[in-house]
Each structure stands twice: as C-alpha cells, then as structure tokens.
Amino acid sequence: MAIIGAGPAGLLLGQLLLRQGIDAVILERHTAAHVLGRIRAGVLEPGTVELITRAGCDRRLRAEGLLHGGVNLCFGGERHRIDLVGLTGGKQVTVYGQTEVTRDLMDARAAAGAVTHYEAEEVSLHDFDGPRPFLRFVRDGAERTLHCEFIAGCDGFHGISRPSVPESAMETFERVYPFGWLGLLADVPPVNEELIYVNHEDGFALCSMRSPTRSRYYLQCPAEERVENWSDERFWDELRRRLDPEAASRLTTGPALEKSIAPLRSFVTEPLRFGRLFLAGDAAHIVPPTGAKGLNLAASDVHYLSEALIEHFCDGSSAGLEAYSSRALARIWKAERFSWWMTSMMHRFPEVGRFGRRIQRAELEYLVSSRAAATALAENYVGLPY
Ligand code: RFL
Ligand code: PHB
C-alpha cells in the first residue's frame with residue numbers, strides 16, 4: 001500500500017493496516033516538524049477516539065484529552081448550553097489537539113519501524129487505472145519509484161492525488177464563504193470549561209481550548225483580512241466585545257503562541273475511487289470548521305477504507321473496496337450539511353440583510369427551546385454512526 005500524506009488520515013490508515021500486518025509506505029512532502037507545527041482541529045467524536053484506540057494510539061489521549069458533555073451557544077448576549085450527554089444517550093466529545101493525535105500516530109509508526117519518507121518531493125501517480133500502479137518521487141535529490149497494489153490519496157486539499165485524476169472522471173461541488181477565521185493560541189486558562197460558539201452582530205467567535213492551561217480562540221474576519229493587521233491586543237479586545245458580559249469579565253489574555261487566518265469552504269469530490277487510487281480526508285472534501293467535522297470525517301473515511309483493504313488483503317474479498325466511495329460519501333454529505341448549517345446559523349453574512357438576521361435569531365431561539373431541535377444538533381455534533 002502506498003499512502004500519500006502524513007496528516008491524520010494517512011497516519012491513521014497506515015497504523016490500522018500495520019496492525020493487521022499490511023505493509024504501507026507513507027510519502028510526505030514536508031518534514032515531521034512542519035506537519036506537527038500546523039495548529040488545526042481540537043474536537044474528536046467518540047467514533048474517532050474509538051478508531052485511534054483500535055490503532056493502539058490512545059494512551060495519551062485517554063490521559064490528557066478533556067471529555068466535554070456539552071457545548072454552549074451564545075447569542076443576544078446570553079449563553080445557552082446544549083447538553084450533549086443528555087440528548088444523545090450519554091455521548092461526549094474529547095478535546096485533544098490534532099497536533100497531539102498526529103504526534104501519537106507518528107510515534108507509534110516510528111516504534112513499529114514503518115517507513116515514512118518525509119520531504120518527498122515531486123510525488124507523481126502512475127497507472128492507477130491498471131493492475132500495477134506506482135509512484136515516482138524525489139528524495140535527497142535522487143528520483144525513486146515505489147510500486148504498490150493500491151494508492152491512498154491522503155494528501156489534503158492542496159495535494160497531488162485529486163489533480164492526478166482526469167477532470168472528466170469526477171464531479172466536484174463547492175461553496176466558498178465570504179469570510180475566514182482568525183485563530184489565536186495562547187497559554188492562558190480557557191474562559192469556560194466547555195466550548196462557546198458565539199453569534200454576535202459583528203461576527204462569529206469561538207472559545208475553545210487545548211488543555212486547562214492553553215486556549216484556542218477564533219474570530220470571524222473578512223476573507224481578504226491579513227493577520228498582520230491583528231495585534232494580540234486588538235484580537236483580545238474584539239473577542240471580549242463578542243462574548244456575553246459574564247464570560248467577557250472572566251477572559252484571561254496573554255501573548256499569542258500562534259495566530260493565523262483560515263478561509264472557509266465546503267467542497268466534495270465524487271467518486272472517491274479511481275481504479276486503484278482511493279481518496280480520503282481533506283483530499284476529497286472540505287468542511288467549514290464550525291461543526292468541528294474535518295478531522296472526524298478524515299477518520300470515518302479511513303474507517304471505511306481500512307476495513308475494505310483489510311477485507312481485500314486478509315479475506316480476498318473486494319466488496320468493501322467496491323462500496324468504499326458510496327459508503328464514505330453518504331456520511332460525508334451529512335457532515336457537509338451539518339457544517340454548512342452551523343456556519344449559516346452562527347456567522348454574519350453581509351448579503352442576507354436585516355431579514356436574514358432575524359431568521360438566524362429565530363433559528364437559534366428555536367434550537368435552545370426545543371428538545372427535538374437541540375437533539376438534532378447534539379447527535380450531529382457527537383458524530384453520526386459509521
Ligand atoms: P491534512 O492534515 O491536510 O494532511 C495532508 C498531508 O499531505 C501532505 N501533502 C503531500 N505529501 C506528499 N506529496 C504531496 N504532493 C502532498 N501534498 C500534501 C501535507 O503536507 C499534509 O501533511 O489532511 P488530512 O489528513 O485529510 O486531515 C484533515 C484535517 O487536517 C482537517 O480536516 C482538520 O484540521 C479540519 N479542522 C477541524 N476538524 C475537526 O474534526 N475538528 C475541529 O475542531 C477542526 N478544527 C480544522 C479546525 C481546520 C482548520 N483549518 C486551519 C483549516 C480548525 C481550523 C482552523
Ligand atoms: C478548535 O479547538 O480548534 C476547534 C474547536 C471547535 C471547532 C473548530 C475548531 O468547531
């Protein structure tokens with residue numbers, strides 16, 4: 001098996017296969033340090049935790065991950081709690097950074113002696129429509145070839161796998177939002193023990209965390225905004241303004257460890273299989289981060305793909321491989337819908353006007369007053385079943 005990309009999708013797939021004795025080589029464009037330096041997701045569904053457990057990489061996650069039984073929605077200056085546990089029959093999400101998930105998977109891979117070629121340049125995919133696919137890449141200035149049975153394209157939205165497929169063989173669906181998220185990481189205690197998603201007149205805000213001493217905050221900003229325009233002080237002032245008064249009074253500020261802007265996009269490619277090439281994770285789809293679904297979707301793709309490959313290599317059945325694309329896409333579209341809906345409900349959209357704002361407000365009020373509506377949010381937030 002050849003896997004392109006050492007993000008969470010590629011590493012998790014590699015580890016699940018390795019546990020079944022299936023050899024998988026990973027090619028990664030960047031260094032391990034670069035991959036670990038990207039501050040991204042923070043919320044894991046129970047299904048993702050279960051998968052990491054099956055990969056044998058859950059020790060630190062169990063010890064250090066924070067279990068959250070609720071999330072909070074703030075609008076009109078008031079905070080409302082959605083009781084995830086009570087509405088889903090006991091399910092919780094785990095707050096544990098993507099960088100930590102990645103580190104644990106990398107460590108397990110190194111301990112098992114599995115091969116990862118970091119700084120693999122000019123990776124190209126060949127003959128995946130036939131029985132003997134192979135990859136070419138350059139490492140340490142030398143061109144190399146990797147022959148394999150299958151290729152897993154786990155190389156993210158800007159990877160090479162998806163563009164290697166003829167455009168006529170795929171259909172894509174996309175929505176680009178007219179704003180981004182400005183994120184700040186700081187070693188200060190979180191303002192609240194659970195996450196707060198804020199709908200404010202001047203834009204969305206999110207209070208998240210990585211540990212009891214490290215906070216992650218986000219502010220909606222214009223798509224073309226530049227991070228240089230945001231001093232730490234400006235960020236903290238704006239965040240405080242968007243919070244409810246009680247949370248604002250408790251906000252602890254400090255110097256930023258990291259600050260960056262992420263654009264918001266919804267995107268899906270269909271299908272996910274092209275002969276002996278399979279796409280998984282951000283290589284195949286993007287969700288806006290409002291539903292905390294990106295990493296979790298990468299994990300569910302890997303669940304379906306690893307099961308299918310194990311069935312192929314261990315039982316000689318190709319049924320799972322045939323079904324991979326439709327199985328994964330059924331779940332992907334539901335997460336796309338949820339992420340689009342959360343984004344639509346929580347952000348300030350310049351074009352919707354005063355009517356649109358009242359509709360948003362009505363939707364939020366319905367959500368926090370109807371058990372049925374809150375249940376729909378809760379069951380999607382903790383993750384739909386695989
Ligand atoms: P990744 O993590 O992008 O990894 C792809 C890897 O492939 C490598 N690569 C190549 N390697 C070789 N040759 C090439 N030509 C290559 N091109 C690329 C890259 O260097 C990289 O190492 O994709 P993967 O594994 O599919 O994982 C997806 C997740 O990273 C992503 O969906 C999440 O981070 C999204 N996301 C969130 N997801 C959640 O589930 N919960 C969250 O709370 C959450 N918060 C977020 C997020 C994403 C964010 N940003 C920055 C987009 C918050 C933010 C701000
Ligand atoms: C994060 O902690 O980075 C995070 C949490 C929840 C989201 C998005 C990002 O919806």
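Observations on the model:
- Dipole check for the range 265-321: with +1 at the C-beta of Lys and Arg, -1 at the C-beta of Asp and Glu, and the Cα centre as origin, the magnitude is about 240 Debye.
- Check: the range 131-270 dipole with +1 on Lys, Arg Cβ and -1 on Asp, Glu Cβ, in debye: 400 debye
- In Hz, Karplus ³J(HN,Hα) per residue of the range 43-60 (6.51, -1.76, 1.60; θ = phi - 60°; x = Gly, Pro): 10, 10, 6, x, x, 5, 4, 4, 5, 5, 5, 4, 7, x, 10, 9, 4, 6
- C-alpha long axis of helix 98-111 to longest principal axis of the chain, angle in °: 30 degrees
- Residues S215, S344, ordered by accessible area of protein heavy atoms at a 1.4 angstrom probe radius and largest first, appear as S344, S215.
- Cα-based helix-to-principal-axis angle, 232-242 vs the chain, degrees rounded to 10: 60 degrees
- Taking amide H atoms as placed 1.01 Å from N in the peptide plane, the amide H of L195 lies under 5 Å from those of N72, each 5 or more residues away in sequence or on another chain.
- Within straight-line reach of K91, meaning a Cα separation under 20 Å, sit the following lysines at least 8 residues removed in sequence or on another chain: K293, K334.
- Solvent exposure of the chain as accessible area per residue, Å², 1.4 Å probe: 43 Å²
- Residue-wise HN-Hα couplings along the range 131-145, as the Karplus relation 6.51 cos²θ - 1.76 cosθ + 1.60 with θ = phi - 60° gives them from phi, are x, 10, x, 8, 10, 10, 7, 10, 9, 6, x, 10, 7, 10, 10 Hz; Gly and Pro carry x.
- Near the amide H of V123, within less than 5 Å, lie the amide hydrogens of V138, all on another chain or at least 5 residues away, with H placed in the peptide plane.
- Within straight-line reach of K259, meaning a Cα separation under 19 Å, there are no lysines at least 8 residues removed in sequence or on another chain.
- Between C207, H285, H303, the Cα set farthest toward the positive side of the dipole of the range 171-303 (charges on each charged residue's Cβ, about the Cα centre) is that of H303.
- When shorter helices are ignored and each DSSP H run of at least 4 residues is given -39500 (n - 2.57), the per-residue value for the chain at 222 nm works out to -11500 deg cm²/dmol.
- Rounded, prolate or oblate (a/c below 1.5 giving rounded, otherwise prolate when a/b exceeds b/c) for the chain by Cα gyration tensor: prolate
- Alpha carbon centroid spacing (whole Å) that separates the range 287-327 from the range 93-146: 18 Å
- With every protein chain in place, the range 1-48: carbon and sulfur % of accessible area (1.4 Å): 50 percent
- The range 52-149, accessible surface, carbon-and-sulfur percent (1.4 angstrom probe): 44 percent
- Helix 353-369 axis, angle to the chain major axis (alpha carbon atoms, nearest 10°): 90 degrees
The values are calculated or read from the model by the stated rules, or taken from the named source; none is laboratory data. Everything numeric in this text was worked out from a predicted model, so none of it was measured. Positions of Cβ are generated from backbone atoms using ideal geometry, with glycine treated the same way; all protein chains shown enter the neighbour counts. Surface areas here come from the heavy atoms of the whole protein model, side chains and all, with no ligands, DNA or RNA. Shrake-Rupley method; radii C 1.70, N 1.55, O 1.52, S 1.80 Å.
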